[in-house]
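Heads up, the thing below is written out as structure tokens.
The values are calculated or read from the model by the stated rules, or taken from the named source; none is laboratory data. None of the values given here were measured: they were computed from a predicted structure. Cβ placement follows ideal geometry from the backbone for every residue including glycine, while neighbour counts extend to all protein chains displayed. Protein only, heavy atoms only, side chains kept; ligands, DNA and RNA dropped before computing areas. Shrake-Rupley method; radii C 1.70, N 1.55, O 1.52, S 1.80 Å.
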Amino acid sequence: WNFSAIVHYQPDKHSSYTLGLARKAQAPSLYELYPWSSNAMAMNMIGWFNDGNGYIGNINLKPETANTVSLAANFHGSDPQIWHVQIQPYFTYIHNYIGAVRCPTSLGGACTAANLHAESGFVYLQFANQTAEIWGINMDSSARLAQTRRYGTFTMSAKAAYVRGDNLSNHTPLYHMMPLNLRLALHQNWGAWRNTIEEQLVAAKNQVDTLRNEPQTAGYGLLNLRTAYRQGHWQASLELANLLNQFYEQPLGGLYLGQRPMTYGTALPGPGRSANMS
């Protein structure tokens with residue numbers, strides 16, 4: 001069973017607070033329960049994590065349950081369009097988290113003694129119930145810089161997020177956690193035009209799941225430009241993403257698995273400069 005509850009408190013016209021409580025239960029999937037073969041090829045087919053590792057199921061898995069508490073504080077001027085700041089910390093405790101362990105040698109096949117202690121390369125794992133926690137903070141803010149008759153309205157926005165996940169059973173960081181990231185943008189509303197210049201900054205990912213031999217990635221910055229023209233019931237838009245054609249590795253992209261035989265150690269690169277029109 002699941003539930004959520006929200007309590008909202010507004011002490012004055014310039015601030016408000018929201019307390020959220022939630023419980024979310026999720027049953028294990030077919031792929032987490034029933035794959036039974038310890039043959040290397042069969043284990044590698046259970047690969048929706050994009051980590052290149054092989055997995056075997058565990059029919060004794062219990063449903064995982066996440067309990068979350070969050071608090072959002074919102075501050076703004078008499079007109080929220082002029083300026084606003086929202087800060088939202090949160091904490092989640094996950095009972096029976098469906099994680100993984102190195103598959104025991106008793107299963108045979110690819111579950112060897114060498115696999116138990118490998119610190120690099122692809123490994124073979126079995127799903128297991130564990131205990132985990134996730135905590136972090138999100139920030140969203142904007143401020144109007146200028147409002148002119150000739151060039152329209154200029155607004156600066158900033159969005160930042162930090163999340164940390166810990167596997168309390170394995171004493172390792174959780175897999176696939178996004179590092180600290182920030183988006184800074186300058187917006188112009190000029191008649192029918194909406195123009196944006198944005199800088200996306202992502203810190204290095206060095207909190208990785210050593211059980212899965214998750215790769216670390218370096219920090220990077222991307223410059224994006226967007227423009228849109230709206231008239232009546234239609235809009236035309238153009239985006240130039242990664243304008244400077246920066247090479248970077250995606251923190252949540254997993255490993256590059258396109259070559260054969262698959263080679264361990266290359267994180268999936270992000271897209272280069274691209275133009276998107278709609």
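Set side by side, the residues Glu239, Glu214, Glu249 differ, and just one is under 19 Å from Ala185 (Cβ atoms), open to solvent by less than 80 Å² (accessible area, probe 1.4 Å) and not hydroxyl-bearing (Ser, Thr, Tyr), which is Glu239.
The lone criterion from (1) modelled with pLDDT of 95 or more; (2) open to solvent by less than 70 Å² (accessible area, probe 1.4 Å) left unmet by Ala114 is number (2). Would you check if Thr92 is open to solvent by less than 60 Å² (accessible area, probe 1.4 Å), touching a Gly at 6+ places or on another chain (Cβ under 8 Å) and closer than 22 Å to Met177 by Cβ? For Thr92, the condition - open to solvent by less than 60 Å² (accessible area, probe 1.4 Å), touching a Gly at 6+ places or on another chain (Cβ under 8 Å) and closer than 22 Å to Met177 by Cβ - is not met. Against the list (1) part of a helix (DSSP H, G or I); (2) in contact with a strand residue (DSSP E or B) (Cβ under 7 Å, 6 or more places away or on another chain); (3) not aromatic (Phe, Trp, Tyr), the condition Ala114 fails is (2).
Count of the stretch 184-199 residues, restricted to those that are surrounded by 18 or more Cβ atoms within 10 Å (Cβ to Cβ) and touching a Leu at 6+ places or on another chain (Cβ under 9 Å), is 1. Screening Gln147 against (1) part of a helix (DSSP H, G or I); (2) modelled with pLDDT under 95 leaves a single unmet condition, (1).
Of all residues in the stretch 167-183, which are open to solvent by 60 Å² or more (accessible area, probe 1.4 Å) and not in a loop (DSSP other than H, G, I, E, B)? Can you show your working first?
Taking the stretch 167-183 and keeping what is open to solvent by 60 Å² or more (accessible area, probe 1.4 Å), we get 168, 171, 176, 180, 183.
The one that is open to solvent by 60 Å² or more (accessible area, probe 1.4 Å) and not in a loop (DSSP other than H, G, I, E, B): Arg183.
Pairing each residue of the stretch 130-148 that is under 24 Å from Ile94 (Cβ atoms) with any residue that is surrounded by 16 or more Cβ atoms within 10 Å (Cβ to Cβ) and acidic (Asp, Glu), provided the two are 6+ apart or on different chains, yields C-beta distances under 6 Å for Glu133/Asp166.
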